Structures are given as structure tokens and as C-alpha cells.
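Undergrad: My questions all concern the structure below.
Read the figures in this text as sums done on the coordinates, not as results from a lab. Model, not experiment: these values are computed from the prediction. So basically every Cβ, Gly included, is an ideal-geometry build from the backbone, and we count neighbours across all protein chains shown.
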Amino acid sequence: MAGRILDWLKRDGAEGAPSEADALARLVAAKDAAEAANEAKTRFLASVAHEIRSPLNAIYGYAQLIERGEGRDALAAAKVIRRSAEHLAHLVEGLLDIAQVEGGAMTLTREAIRFPEFLDQLIAMLDLQAQAKGLALVLERPERLPEFVHADPKRLRQVLINLLANAIKFTDHGSVTLKVDYRNQLATFTVIDTGIGIAPEDASRIFAPFERVGGPAGERPGVGLGLAITQALVHIMGGEILLESAPGEGSRFSVRLMLSQPLSPPSEPAPQAGAVTGYLGRERWVLLIDDEPAHLAVVCGLLEPLGFQVRTARDAASGLALAAQVQPDLVLCDVALGGENGWEVAALLRRRHGAALRIVMLSGEAPHSEGAGTDHDGFIMKPFAFDALIDMIEGQLGVEWVRAAGEPRAAPTQPTAVALPRIIAPVAAAHCAEIERLVRIGHVRAIEAEIDRLAALAPEAAPLAEQMRVSLDSFDLKALSNLAKSVRADAA
Ligand code: ADP
């Protein structure tokens, strides 16, 4: 481990050894390198001890105060204890990652990944985090990207998530952009933010473990291992990472990696038996009016692969204008359209387009709640199962579905990934990979949070998430891990 820590903490030493030196010079150089490595290791261990001691002290101190019942607010104390424990857990996670890199135990897989989808999923995973801070998260990519590239998806995702999550964390206003370029097998990922920026004198040390700069500790959470791990991963993948930044002017982290293209597209996994894969007859147009971008993306992702022409609008005015322009067969309209009223939109649509236009309302509230209109043909409660939407479309448009060969699968008694719609399977698999990793380090709170994220993907994921929670509650981590594994296997 010391050798690589030396790389991080002291970028000289062994690399500086002369190539044609005599035996004595080589011995001296080797001794210097060993000493430097030893020093680096000592510094590293001191940092680890320091990082562990502060949260541990907080846990110890607050626990004693609660025990003695010294009139302290037990809830506030418990919060400090929880936060400290979380901090420790992150630390352990990061150290395990580093140990894996150091021990050479980190092996890379080489898979053909669907490049554009991979990027979209990445943005979808971080979008809520950015929205919560009022930041725009933008994916800037050329029109033409290869459909498939070879990469280790888990490690590439980890690198980009680390950089994007940092960009969101250190930006309070403006935007975070992931810019992707691909030329001659060379992929360049640039994460650009409009955040606090980094001073030139700090630019190299932030890649060392535990180095955190730019503001009082505790202001923004973190343990200072993310960039060290990111840089190590990029190097293992044979790439390079560069930083351009100035205080107050945002930061640009660029990662350059050779990602070759497969000579022929990999064979697609056979569609699930009985699953709807398309419909017969003329092309149908669907207009979706919803102010929630994530919801628009999910419904588009479900309907477009089936051959529907889907148009989307985020407010009433553009929805009505689009309806006039494209004359859709079906409108799916959210009831709570930001500040506007979806029922009024339905009434206007009905008046302008008549009964031939099918209107289905989507809402988180019951159909007969106060203020509900009557100008619609169907109603779906949010969140809805994909099958419920399919049934509704069949009922409204009378389409005849094309299904994958084979008998429809009976409802599985053991929820596994095969019960998940294909559109969410890759994202669910990513969550499951994370769950497996967290199981390995026993980070229970993070596992809970990851299961919650999995459950929030779609109603179809709820039974699976529930089963995972049951395993977690009974600390049957092996069963939990097996379940996660089976989801990944099914998504592969
Ligand atoms: P952590 O985020 O846990 O502190 P990292 O290793 O990921 O640890 O980052 C190290 C430090 O680098 C951060 O604490 C921060 O000072 C700085 N940094 C990283 N990314 C950015 C960014 N996008 N903008 C400003 N500072 C950054």
C-alpha cells in the first residue's frame, strides 16, 4: 500500500531513480524511495487516526451525556451520534476502496455498454440531488455517439458520480454540466460547475487522501477520499484526469479514457416472454403534459420503445399549443401542473379537439377529489405500474399489442429483476451493485437508503425492495446480497 500512497502524497521518489545509474546510486535511490514511502504511510495512518478520532469522540461524549441524563436534548445528541456514525461509515467505505486499489484487488471488467443510455441514467441518478439545490444538471453530448463502447460500467460510473456529486456539493448557484466528447476511441468527460472553484495552489493536493480545501470543515459533508479514489480508478483504467479552476469561477474536471467500440453490436438479451414490445397498426401520437421532468422521462422511456410518437410539455400553455400542432391520439395530463390546474387543461382540450381525443388524467390524489373535472376518459393514480398504463392505452386507443414470444410469465412469487420493466432494469441493477458493495462493508443505513432509491424507481420495484428490507431487518445479508445479484444477472 505504501508504494501507491507515495504516489498520492509525494510525487517523486522511486520514479526519480536514474535509469542508468550504478549499483550504489540505485541502492541510494531505492533507500530514499523506501523511506519516503514509509513516511507517506505514517502520514496516511496519522490522517486516518485523526479522521476516525473526531467522530468517535463525538459519539463517545454524547452517548455519555445521554446516559447521565444531564438535561441535554437526547434527540439532538442522537442526531450528532448518527451523523458521526455516518461519517465513520463513509470513511470505512472509502478506505476499503483505497485498500482494494492498493492491494491490486480491483480488477476491471470489460463490457459493451450502451453509451448514450449509460450517460442518461447517470444524469437521472443525480438529477434530484441537483434539483434539491436549485441547480441545472445538463448533459452536453454530440449528436452522434457510438451506441456501444467497451468499459467497466461500475468503475466508470463511480468516477463520474464522484465528480458530479462534488460539483453539485461545491456549487450553490448555476449549473453542473457533464460534457462528453468521443473521437477516435478517445472519450473525454468534462464535469463543469459554476461553484466555489479551487485555488491553483490547492489543485494537486485535493487528489491526496483526506485533503479538503475551500471553507470550514463540516460546512459541506465529505471525508476527502473521493478524488483520491477517482484519480486511482482513472489511472487503473489507463486514463488521465485534469483540473482547471479558479476561486469563485467554478471548476472543470476532465477525464480522458480510451473506450473502444465493439466491432459488431453485442447481441440483445431476449425480451421477457409475454412482455409488450410494440403494437400493430398505424403510428399513434401521445402527448404527455407534466411539470415533473423525471416523470416525463420515465413515461417517454416506457412508450417510445414501443413505437409511440411521444411529445412532452411541462405547462398548460405549451401542452395546448403542442396538442394543436401534433393532433395527438392520446393526452396524458398531470392534475397538479405546478401552479396550474390539469382539469382545466382537460376541459380546454375537450372543447378544442372533441371526443376523438382520448384524455387520461394522472394524479397522486384520488380521481374524485374536490375540483375534479369530467372532461377525461380515464384516470391513473400515481405512481402507476407500467402494466396499468399499458392496459389504459389499450382501453382508450384499442391498440393490439405485439408481445415477446412465449407464454406470459406468471406473477413471480419471489420478486426478482425479471419483474422490473426493461427501462428501469439497468438503473435498478446499478442500485443493486451498490447494495452488494454496501452489504460487503455492512453499512446498514446506506443499504436502507439505497433500497429506498430502488423502490422509488417504479411501483414494480416495490415488492423487490420490500423483500430486501425484510432480509435487512433480519440481518440476513447473504439473502439480501443474493437478491441484488439476481437483479443484476437478469438486467445483464
Ligand atoms: P470530499 O468531497 O469528501 O471532501 P474529495 O476527495 O472528493 O473529498 O474532494 C477533496 C476536496 O477537493 C473537497 O473537499 C473540496 O475542497 C475540493 N473539491 C472537489 N471537487 C470540487 C469542486 N467541484 N469544486 C470545488 N472544490 C472541489
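Undergrad: Which GluC sites (Glu not before Pro) in the range 63-121 sit in a loop by DSSP (not H, G, I, E or B) and have at most 16 other Cβ atoms within 10 Å of their own Cβ?
TA: Sites meeting the loop and neighbour criteria: 70.
Undergrad: Summing Lys, Arg as +1 and Asp, Glu as -1, what charge do residues with Cβ under 13 Å from the Cβ of residue 248 carry, residue 248 excluded?
TA: -3
Undergrad: Same structure again: Have a look at 326, 297, 374 and report the one farthest towards the positive end of the charge dipole of the range 280-403, computed about the Cα centre with Cβ charges (Lys/Arg +1, Asp/Glu -1).
TA: Farthest towards the positive pole: 326.
Undergrad: What relative contact order, as a whole-number percentage, does the chain give when Cα pairs under 8 Å and 6 or more residues apart are counted?
TA: 10 percent
Undergrad: Over the range 425-491, what is the relative contact order in percent, taking alpha-carbon pairs closer than 8 angstrom and at least six residues apart?
TA: Relative CO of the range 425-491 lands at 46 percent.
Undergrad: How big is the dipole moment of the range 280-403 about its Cα centre under a simple scheme where the beta carbon of each Lys and Arg is +1, that of each Asp and Glu is -1, and everything else is neutral? Debye, nearest 20, please.
TA: 400 debye
Undergrad: Could you give me D for the chain, from Stokes-Einstein at 20 °C and 1.002 mPa s, where the hydrodynamic radius is the Kirkwood radius over C-alpha pairs? Units µm² s⁻¹, please.
TA: D = 83 µm²/s.
Undergrad: Tell me, in nm to one decimal, what length is gained between residue 379 and residue 32 on full extension, where the rule is 0.36 nm per residue of separation less the Cα-Cα distance?
TA: 117.5 nm
Undergrad: Expressed in nm to one decimal, what extension gain is obtained for the pair residue 321 and residue 56 from 0.36 nm per residue of sequence separation less their Cα-Cα distance?
TA: 89.4 nm
Undergrad: Would you mind working out the magnitude of the charge dipole of the chain relative to its Cα centre, with +1 at each Lys and Arg C-beta and -1 at each Asp and Glu C-beta, to the nearest 20 Debye?
TA: 600 debye
Undergrad: Find which of 316, 243, 449 sits farthest along the positive direction of the dipole of the chain, computed with +1 on the beta-carbon of Lys and Arg, -1 on that of Asp and Glu, about the Cα centre.
TA: Of the options given, the answer is 243.
Undergrad: Mind pulling the angle between the C-alpha long axis of helix 316-326 and the longest principal axis of the chain? Nearest 10 degrees, somewhere in 0 to 90.
TA: It is inclined by approximately 70 degrees.
Undergrad: Rounded to the nearest 20 Debye, what is the dipole magnitude of the range 425-491 about its Cα centre when Lys and Arg each give +1 and Asp and Glu each give -1 at the C-beta?
TA: That gives a dipole near 240 debye.
Undergrad: Same structure again: Show that you can apply the helix-only estimate: for the chain, add -39,500 (n - 2.57) for every DSSP H stretch of four or more residues, divide by all residues, and state [θ] at 222 nm to the nearest 500.
TA: Counting only the DSSP helices, I get -16000 deg cm²/dmol.
Undergrad: Find out how many positive minus negative residues lie around residue 152, taking Lys and Arg as positive, Asp and Glu as negative, among other residues whose Cβ is under 12 Å from that of residue 152.
TA: That sum, taken over residues with Cβ under 12 Å, equals +3.
Undergrad: Identify the trypsin sites (Lys or Arg not before Pro) of the range 77-175 meeting these criteria: DSSP loop state and at most 12 other C-beta atoms within 10 Å of the C-beta.
TA: Passing both the DSSP loop test and the Cβ count: 110, 144.
Undergrad: Report the antiparallel proportion of the DSSP beta bridges in the chain as a percent, rounded to a multiple of 5.
TA: Approximately 55 percent, going by the DSSP bridge assignments.
Undergrad: Taking Cα atoms of the range 425-491, Rg/Rh with Kirkwood Rh, to two decimals?
TA: Expressed as Rg/Rh, it is 0.91.
Undergrad: Additional query: Relative contact order for the range 280-403: what percent, with Cα pairs under 8 Å and sequence separation of 6 or more?
TA: 23 percent
Undergrad: Between helix 74-102 and the chain, what is the angle of the helix's C-alpha long axis to the longest principal axis, kept within 0 to 90° and rounded to the nearest 10?
TA: Helix 74-102 sits roughly 70 degrees off the main axis of the chain.
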